[in-house]
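Note sheet for the following structure.
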Amino acid sequence: MSNAFYAPGDERAARVNDLFASIARRYDLLNDLQSFGLHRLWKRQVVRLARVHPGDRALDLCCGTGDLSFALAQQGAETVGLDFSEQMLAVAEGRRQKVEGRTEKAVPHSASRVPRFQQGDAQQLPFTDNAFDAVTMGYGLRNLASWERGVQEMVRVAKPGGRIVVLDFGKPPNALWRTLYFTHLRCSVPVIGLLFCGRPRAYAYILESLKHYPAQLAVAEKMRALKLNNVRVINLLGGAMAINYGEKPT
Ligand SMILES: C[S@@+](CC[C@H](N)C(=O)[O-])C[C@H]1O[C@@H](n2cnc3c(N)ncnc32)[C@H](O)[C@@H]1O
């Protein structure tokens, strides 16, 4: 299936923006369906690795509808979620208003337990150097025109000692598992996209973008080249998903 949403070079951002605008309202439901709910567990692991404490500052890039941003804020971190899609941010903002109302009732003056959302480009962050204790990105890196630039920006805005945690689709090292997994992405995931949001091509994009993304090993290599400490790759489901972790040198 040719993919209307993947384009190399300058057109990349516009196509990715169209894609998320078209699926924003159904994004959370489809995330649960295509990962059998497992993305929730993996995101919890990202938050554990971010190790934020009350009073810390956290930045969640390509935040989408805000899963990671809410979880970081729940730990007491003053959290900013950043994304370039107005439509995804509108869903995040709707969630924020609901959570804020609920939290304020249960624990008065607890507004800091909810993130704030901001529109921006993950490749050109509107923040000063050394500003955040933890910087996360869930399923965003693969979508950037330059994933290397995205990692550089994460490192730039992290404080010395700050944690950088990236969750994304990966490439399983085992050839048989890789073939099975890519077949799932090629065949079943677009069908879920068709059935539940009428957008098979938006979900065929996952495989297309993954083909053009060097995945977990190259991200770890880049983190090492940027002199991060304790660089780790955590393979999930045999490398079908992966978390890249590193700490900015002090
Ligand atoms: C697959 S969603 C991930 C959402 C969320 N982090 C999650 O894990 O569920 C990818 C998000 O990246 C955003 N995005 C893609 N390129 C971006 C860029 N250059 N700057 C900011 N956000 C971007 C999209 O708008 C979309 O909301």
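Tally time: how many residues in segment 79-88 are closer than 21 Å to R48 by Cβ and outside any strand (DSSP E or B)? Step through it out loud before you land on a result.
Initial filter on segment 79-88 (closer than 21 Å to R48 by Cβ): 79-81.
Checking which are outside any strand (DSSP E or B) leaves us with none.
Residues in segment 79-88 being closer than 21 Å to R48 by Cβ and outside any strand (DSSP E or B): 0 in total.
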statement: The residue that is farthest from A134 (Cα to Cα), considering only those in segment 34-55 that are more than 13 Å from the ligand (Cβ to nearest atom) and open to solvent by 30 Å² or more (accessible area, probe 1.4 Å), is F36
message: Name the single residue that is least open to solvent (accessible area, probe 1.4 Å) among those in segment 218-230 being without any contact (Cβ under 8 Å) to a residue 40 or more places away in the chain and part of a helix (DSSP H, G or I).
response: A220
task: For segment 120-161, name all the residues that are more than 10 Å from the ligand (Cβ to nearest atom), open to solvent by less than 10 Å² (accessible area, probe 1.4 Å) and part of a strand (DSSP E or B).
output: F132, A134, V135, A158
message: Could you check segment 199-217 and list, in sequence order, the residues that are at pLDDT below 95 and either assigned to a loop (DSSP other than H, G, I, E, B) or not hydrophobic (A, V, I, L, M, F, W, C) (or both)?
response: R199, P200, R201, Y203, Y205, E208, S209, K211, H212, Y213, P214
message: Can you tell me which condition F196 does not meet? The list is (1) of a type outside the set (S, T, N, Q); (2) in a helix (DSSP H, G or I); (3) farther than 21 Å from D67 by Cβ; (4) open to solvent by 20 Å² or more (accessible area, probe 1.4 Å), and all the others hold.
response: (3)
field: Long-range neighbours under 7 Å by Cβ, at least six apart or interchain, first residue touching a residue at least 60 places away in the same chain (Cβ under 8 Å) and over 10 Å from E86 (Cα atoms) within segment 8-21, second surrounded by 14 or more Cβ atoms within 10 Å (Cβ to Cβ) and of a type in the set (S, T, N, Q)
entry: V16/N143
- line: Result of the Cβ filter at 9 Å on segment 123-135, keeping first residues that are more than 16 Å from G81 (Cβ to Cβ) and modelled with pLDDT of 95 or more and partners that are among the basic types (K, R) and surrounded by fewer than 16 Cβ atoms within 10 Å (Cβ to Cβ), at least 6 apart or interchain, is Q123/R149; Q124/R149
- prompt: Which residues, counting only those in segment 58-78, are near the ligand (Cβ under 8 Å from one of its atoms), open to solvent by 10 Å² or more (accessible area, probe 1.4 Å) and part of a helix (DSSP H, G or I)?
  reply: D67
message: Among (1) assigned to a helix (DSSP H, G or I); (2) more than 20 Å from L141 (Cβ to Cβ), there is one condition G55 misses while meeting the rest; what is its number?
response: (1)
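The values are calculated or read from the model by the stated rules, or taken from the named source; none is laboratory data. Computed from a predicted structure; not experimentally measured. Cβ atoms come from the backbone with ideal geometry, glycine included; neighbour counts cover every protein chain shown. Areas reflect the complete protein model, heavy atoms only, side chains present, ligands, DNA and RNA absent. Shrake-Rupley method; radii C 1.70, N 1.55, O 1.52, S 1.80 Å.
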